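Structure record follows, encoded as structure tokens.
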Amino acid sequence: MDFFEARIRELERILEYHNNLYYNNDSPEISDMEYDKLLRELEDLEKQFPEYKSENSPTNHVGGKASSKFSPVIHSVPMESLQDVFSEEELIEFDNRIKNALGEDYEYVVELKIDGLSVSVEYENGKMVRGSTRGDGVTGEDVTENLRTISDIPDILKEYQPAIEVRGEVYMSTKVFSELNELQEIYGQKLFANPRNAAAGSLRQLDSKITAERKLSMFAFNVQKAEGVEFSTHLETLHYMEKCGLITAPFYKVFDNIEDVYKRILEISDLRGSLPFEIDGVVIKINSLRQREVLGSTAKTPRWAVAYKFPAEEKETRLIDIVVQVGRTGVLTPNAVLEPVRLAGTTVRKATLHNIDNILNKDIRIGDTVIVRKAGDIIPEVVSSVKEKRPDNTTVYSMPEYCPVCGEKTYRNSDEAATRCVNSSCPAQLLRTIIHFASRDAMDIDGMGPAVVSALIENNIISSFADLYYVKAEDISCLERMGEKSADNIMSAIEKSKDNDLSKLIFGLGIRFVGAKTAKNLSKNLKNMDAFMSAGIDELIAIDDIGQKVAASIIEFFKDESNIRLIDKLKAAGVNMESQETEIDDRFRGKVFVLTGTLPTMKRDEASKLIEQYGGKTSSSVSKKTDYVLAGSDAGSKLDKANQLGITVITEEEFLKMTE
């Protein structure tokens, strides 16, 4: 393999890694600009050496992937991504391509680029019937019930046709985001890096109640399909969506030259910090739908639109001090205390420094003038120090030798960046550990929030999460602001949690590197707590999603006798120690269903979930690849097309017999 082929393969691996983090895990590690630089390098190399380009190159597809947690939805028209541009010069290059391709007058529509998650929402006879994520652009995830919780998405349109599909961007306002992260911090859970990650994670919840609590919003940006309505421009589609009761992003405007487009971009950039939601750029689209058809698309992006991405916002300020926060797992995280500075519309007083290695590698000292960045992130970070402005009295920082909360000696493993308090009785860890155990994704003990847990600890009623199952109603009712009714409700929630699946208990134990998904895999494969506790390294690594690091952490957890005693105490209290996973029935594997009309007894999303449960897929449009059309009353054009193509049409009764 020569150098250029090796570099192409390396770039493919790097880009797929970052695609997975951004689209599937909602936790990007690099900025859009850094990602685009890598992508462009790959594109240039593929043009120079086309013989080395692979069929599955990241330059050929949108980076996302539909999660197996949700029923797959095949999009009737692919949900494409947009080509990014980062400068006036690149914008003019785009305009020149349009000019040369069309050879006639044209207009641009300039819109805000909302930093969120793209979705498709389908309506039949004015009623919302399905909603899905973009996924990989071809296949998305069915998140209908979660989208129904968003007040910006009407269940019934004010104006409607037989079938309408709109596409929009789901986002979280900066106010809601700040409130959510405050709760995450109180519960000792990981903070969301930015509103986009929070919105994506909230929309892809299996429990729609959680999605509803997250107060998401949506701006509609495109009419993908509207039977019986003709549009000639994009502007007409925006006005039509507004008449239907959908909300479009503010500040859109039409221009007939690229110079005015760029002026508008600068105006929006100045507005950016005052908006109640995050934007990461501006979208520039050809207004004429006919001209869009002429221009067409590449394998991945339309040729008639680009996204102008804003650079990260940075400011200088002074680092006054470095303070340490102790997390649930004992990690000491250093945070910068800053002279207040206005950045992206907010006053920044604190910023993350990540860990001691980051501080030392960047030579950041107390008293330094530092550069603080907000690259679309609400949580700012210190990028670097300004050495030429360094005063003589700066202080080189070192991590504390003793925990600032409990006073015990701290420890740092040579193979990791984190410094830890290893005292399992540390009050900071104890509080967050119990809050985590009682949280929704773990044992889901409703009412057992930070205030109650803190009061129970302070009154010496509990000293571990296992003690929750030995608390009496009078222990709770005597607490400040708690009465008998509140105590009874919490006692009921504690009792109910005893019947949870093993996976929730495993996650609640708070073992390092064991998240909710990993806990489900462990529960499904090992079946009971005894098998989990006795599993060896080889047995653990053989399980999907379990690597050497996770396996070693699990084994280390059960070497601690105090953890064994906690499990024994939970067993004695009657907490379920068995997996409730059932064998998988995939009778619909490989089959594609299309749903149309109103079913007699079932909601369409219920039918979709059944299809997914048995391994099948649903699609929004009828094609030769369709195996069954499940039709109810008022079935429209999909039923006609199924009959034309000779596809099997089934009733709800026939469908239910297939699931028996």
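Readers should treat all values here as calculations from the given coordinates under stated rules, not as data from a laboratory. Worth saying up front: this structure is predicted, and the values here are computed from it rather than measured. When we count neighbours, we look across all protein chains shown, and the Cβ atoms used for this are built from the backbone with ideal geometry, even at glycine.
Roughly what percent of Cα-Cα pairs across the range 122-230 reach past 24 Å? Summing the P(r) tail past 24 Å for the range 122-230 gives 29 percent. For the chain, CYS244, CYS478 have no disulfide-compatible partner, since no other Cys C-beta lies under 4.7 Å from theirs.
By the Kirkwood approach, averaging reciprocal distances over each pair of separate Cα atoms, the range 117-163 gets a hydrodynamic radius of 11.0 Å.
The order of the peptides 437-445, 269-277 by mean Cβ neighbours within 10 Å, most packed first, is 437-445, 269-277. Looking at the range 227-272, which GluC sites (Glu not before Pro) are DSSP coil and have at most 16 other C-beta atoms within 10 Å of their C-beta? The qualifying sites are GLU227, GLU230. Over all pairs of different C-alpha atoms, the range 459-546 has a mean inverse distance whose reciprocal, the Kirkwood radius, equals 15.1 Å.
Mind checking the full-extension length gain between ASP560 and ALA451? Use 0.36 nm per residue of separation minus the Cα-Cα distance, one decimal, nm. Value of the extension gain: 36.4 nm.
Building the convex hull from the alpha-carbon atoms of the chain and averaging its projection over directions returns 34.3 nm². Taking 0.36 nm per residue of separation and subtracting the current Cα-Cα distance, fully stretching the chain between LYS243 and ASP634 would add 138.3 nm.
Computed from Cα atoms alone, the Kirkwood hydrodynamic radius reported for the range 294-425 is 17.0 Å.
For LYS158 and LYS37, the FRET efficiency from 1/(1 + (r/R0)^6), where r spans their Cβ atoms and R0 equals 60 Å, is about 0.85. Remark: spin-label model distance TYR17-SER297 equals 3.0 nm, labels positioned 7 Å along the Cα→Cβ axis. Placing a label point 7 Å from the Cα of SER76 along the Cα-to-Cβ direction, the residues of the range 102-135 whose backbone N falls under 14 Å from that point are 120-132.
Here the spin labels are modelled as points 7 Å beyond Cα on the Cα-Cβ line, and at ASN361 and GLU388 they lie 2.5 nm apart. Going by Cα centres, the range 158-234 and the range 352-407 are how many Å apart? Here the two parts' Cα centres lie 35 Å apart. Percent of Cα pairs in the range 167-227 per distance bin of 5 Å, from zero to the largest separation: 4, 17, 25, 25, 12, 8, 5, 2, 2, 0. In this Cβ point-charge picture (+1 for Lys and Arg, -1 for Asp and Glu), the chain has a dipole of about 600 debye about its Cα centre. Rg/Rh for the range 84-172 (Cα atoms only, Rh after Kirkwood) is 1.10.
Taking 0.36 nm per residue of separation and subtracting the current Cα-Cα distance, fully stretching the chain between ALA417 and LEU266 would add 50.3 nm. Here the alpha carbons of the range 522-567 define both size measures, Rg and Dmax, at 10.3, 28 Å. With a threshold of 28 Å on the Cα-Cα distance, the over-threshold entries among LYS47/LYS225; LYS47/LYS285; LYS209/LYS603; LYS309/LYS549 are LYS47/LYS225; LYS309/LYS549.
The helix-only estimate of mean residue ellipticity at 222 nm for the chain, built from DSSP H runs of length n ≥ 4 each weighted as -39500 (n - 2.57), is -10500 deg cm²/dmol after division by the residue total. Put simply, when 318-329, 506-517 are sorted by average Cβ atoms within 10 angstrom per residue, most first, you get 506-517, 318-329.
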